[in-house]
Amino acid sequence: MKIIHSNLHFNGNKAGSNNPKEIIVHHAEHSTCSVYDIDRWHKDNGWCGIGYHYFIDKQGNIYTGRPEDWAGAHCIDHNTKSIGICLQGRLQVENVTDAQYKSLLYLINDIKNRYGEMPVYGHKELNQTDCPGNLDLDKLRRDLENGTVSNNDGYVENATVINVSSYLNVRNKPNNEIIGKLFPGERLQVNWVDSDYLGWYYVTYKVDGTNKLKSGYVSAKYIKKD
Ligand SMILES: [Zn+2]
């Protein structure tokens with residue numbers, strides 16, 4: 001599974017900083033909108049761009065929204081300490097799709113791998129709203145706890161670690177906390193290059209030769225793409 005970099009362009013000043021300690025799940029209240037539609041709607045509100053950090057469509061495609069280390073605009077009183085994930089659909093009357101739910105589990109695990117354990121809420125558990133509709137939040141938390149997630153869909157090693165004498169640090173965000181190590185010659189997948197973080201790649205790699213995948217940011221200087 002792979003996170004798609006949306007390449008959104010944010011207007012004006014970046015929002016304040018974000019220190020993620022919780023994950024908050026939303027729905028779009030729209031059956032067919034794209035991440036670009038939401039970005040446009042939120043710009044029409046006078047915001048710098050989409051208020052969520054991620055968007056997952058019904059096919060299970062995961063798109064980036066606002067960078068994780070920027071304050072979000074999705075949940076009053078929680079925007080500087082959470083990651084906001086929005087699901088396509090009107091979940092009062094539609095059900096989350098299997099592909100979408102699987103991607104939600106994958107994404108939440110990916111975030112926790114990088115920042116550490118944190119609680120998962122539905123928007124309505126924190127603000128006066130019915131968002132995200134009928135999504136079963138207790139089941140979501142149970143499924144996360146049971147760890148029944150396959151991470152391997154679509155993983156393609158397309159780059160190599162080079163020019164490193166001992167090891168290359170993997171970080172949860174550019175210049176931020178170290179969450180793993182890569183060794184010379186190790187193979188990995190480069191997911192994207194973010195124009196907001198020039199010189200950094202968001203990569204996915206296998207942990208110690210196992211089939212468990214982990215993602216994070218590495219300096220592009222030490223990665224050679226195929
Ligand atoms: Zn919401």
Segment 19-44, residues that are more than 13 Å from the ligand (Cβ to nearest atom) and in a helix (DSSP H, G or I): 35, 36, 37, 39, 40, 41, 43, 44
Residue match in segment 150-168 (condition: under 17 Å from the mean Cα position of the chain (by Cα) and outside any loop (DSSP other than H, G, I, E, B)): no
Any chance residue 5 is within 13 Å of the ligand (Cβ to nearest atom) and either touching a strand residue (DSSP E or B) at 6+ places or on another chain (Cβ under 9 Å) or closer than 19 Å to residue 131 by Cβ (or both): no
Candidates 116, 84, 122, 65, filtered to the one that is assigned by TED's automatic domain parsing to the domain that holds residue 33 and more than 16 Å from the ligand (Cβ to nearest atom): 116
Residue within segment 125-134 that is under 28 Å from residue 22 (Cβ atoms) and more than 16 Å from the ligand (Cβ to nearest atom) present: no
Options 12, 16: the member that is surrounded by fewer than 20 Cβ atoms within 10 Å (Cβ to Cβ), more than 19 Å from the chain's Cα centre (by Cα) and not assigned by TED's automatic domain parsing to the domain that holds residue 212: 12
Flag if residue 78 is surrounded by 22 or more Cβ atoms within 10 Å (Cβ to Cβ) and part of a loop (DSSP other than H, G, I, E, B): no
Residue check, residue 221 outside the structural domain of residue 7 (by TED's automatic domain parsing) and surrounded by 16 or more Cβ atoms within 10 Å (Cβ to Cβ): no
Residues (more than 15 Å from residue 57 (Cα to Cα) and within 13 Å of the ligand (Cβ to nearest atom)) located in segment 87-113: 92
Residue 144 being within 16 Å of the ligand (Cβ to nearest atom), among the hydrophobic types (A, V, I, L, M, F, W, C) and either in contact (Cβ under 8 Å) with a residue 60 or more places away in the chain or part of a helix (DSSP H, G or I) (or both): no
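The values are calculated or read from the model by the stated rules, or taken from the named source; none is laboratory data. Bear in mind that the values here come from a model prediction, so they are computed numbers and not experimental data. Ideal geometry is used to build each Cβ from the backbone, glycine not excepted, and the neighbour counts take in all protein chains shown.
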